[in-house]
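The values are calculated or read from the model by the stated rules, or taken from the named source; none is laboratory data. Nothing here was measured: the structure is a model prediction, and the numbers come from that model. Reconstructed Cβ throughout: ideal geometry from the backbone, glycine too, with neighbour counts over all protein chains shown.
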Amino acid sequence: MMSETEAIEQPGSLWKRLSRWIVPALIFLFAIAIILLIAGHWNVWANENPLQETDDAYTRADLTPLSTKVPALVASVAVSDYQSVKAGDLLVQLRDDDFRAQVRQAEAGVAAGEDALVNNRRQKELQDVRIAQAEQNIGVAEAQVKAADAGIEAAKASIANAQGSIEGTKPDVERSQLERSRQEALVATESATRQKLEQVVADQRRYVAILASREADLAAAAAQLASRQADLARARAQLGSAKAEFEAQKRLKAVQESQELLLQADLNSRRAALSLAETNLGYTRIIAPEDGIVSERRVRAGQLVSPGTQVLTLVQRNVWVQANYKETQVGRVLAGDNAEIKVDALPGIVFHGNVDQVAPASGSQFALLPPDNATGNFTKVVQRVPVKILLKSGQADLERLRPGLSVTASIRTSPR
């Protein structure tokens, strides 16, 4: 049976034994709570930080590889390695003998095409004169047809008059012939005088002569009618020939107009060939498109180059910074935010700039082989988002920056 002292000490020792386990357990649970709190809100705290910094940043500049467009021999290289150049400065000169000859040949072709076009236009002017002359010939032939028609009508009128005269003379001839016969019978019986007979014979002969004259007039009128009909046929033939000539000249004019279109197209082709030859001649001079610094020369005088041969690279002077921030850092970054740049190669110097743009996608999306998280096992990796930072002009030592230098970029985001 326990004594009173043991009964009093038993609860105290139990509490001591329990306190050795409760305190560590509470500390453990508190630590787990802190870890969960930090893990659950770390991205929020990082995103809300007004100063976002990364050392995954580098200076960048536009690099322009300059290559040849035409095959030729290198005549001279006008610059040395790492030389500063201005826009328009000659960098590499290729031999241009062949290209100048091609330009002269194309110029001669253009001149020949222009002369052919001028000759065609002069022929068209001459053809217009021929067409006008053919049209006049039609008018003359139509006038001749009208004259022949009038002559035919006149000849028909003459025939009608001659026939009327013949018909009017025949009774006189018959009457004078009867009178002669009667007078001859009377003279034979000595019932009339010879003087009267002679007068009657003279009248009879005169009427016969008149009738013969009227018949001759009729024959002449008939011959004139035939002649006028022949003139009409000839005039109509001339009119048909004049009309045919007029149509032929008009069609020849149409042919010349078609030839003018062909000659104009040929001239345009020759001019295009001249432009191409001049362009190829211009390609023999490789000039600096902008201000910058040239890289190492890759060609030398006398070297044969083909289209696409890279002769050198032009590095532009305008240097900017590409900072690759974690995706948890760019939530508050906007264009225009101030930035500070520290360059590893220039310790102690701080450059100032502004955010120009935030990339439209993470850097992995621009990789040659973008990741496909829908295949295989998935491990979440924090993505990087490129941010372009432009340096403010006028800063000291800015010209000492070169593309590719490692920097530390700090962006101070504006309050939202």
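Worth a mention:
- Set side by side, the residues Leu263, Leu239, Leu225 differ, and just one is surrounded by 17 or more Cβ atoms within 10 Å (Cβ to Cβ), part of a helix (DSSP H, G or I), among the aliphatic types (A, V, I, L, M) and in contact with a Leu (Cβ under 6 Å, 6 or more places away or on another chain), which is Leu263.
- Residue in region 398-407 that is part of a helix (DSSP H, G or I) and surrounded by 14 or more Cβ atoms within 10 Å (Cβ to Cβ) present: yes
- Residue in region 349-369 that is touching a residue at least 40 places away in the same chain (Cβ under 8 Å), out of contact with any His (no Cβ under 6 Å at 6 or more places or on another chain), outside any strand (DSSP E or B) and closer than 29 Å to Leu314 by Cα present: yes
- If you check Asp231, Asp203 for being surrounded by 15 or more Cβ atoms within 10 Å (Cβ to Cβ) and free of Cβ contacts under 8 Å to residues at least 60 places away in the same chain, only one passes: Asp203.
- Within region 91-110, considering residues that are without any contact (Cβ under 8 Å) to a residue 60 or more places away in the chain and of a type in the set (A, V, I, L, M), the one nearest to Glu278 (Cα to Cα): Ala101
- Contact map, region 377-400: first residue not assigned by TED's automatic domain parsing to the domain that holds Gly363, second residue surrounded by fewer than 12 Cβ atoms within 10 Å (Cβ to Cβ), Cβ cut-off under 6 Å, separation 6 or more or different chains; the map is empty.
- Qualifying residue in region 382-391 (condition: over 30 Å from Ser84 (Cβ atoms), surrounded by fewer than 12 Cβ atoms within 10 Å (Cβ to Cβ) and over 42 Å from the mean Cα position of the chain (by Cα)): yes
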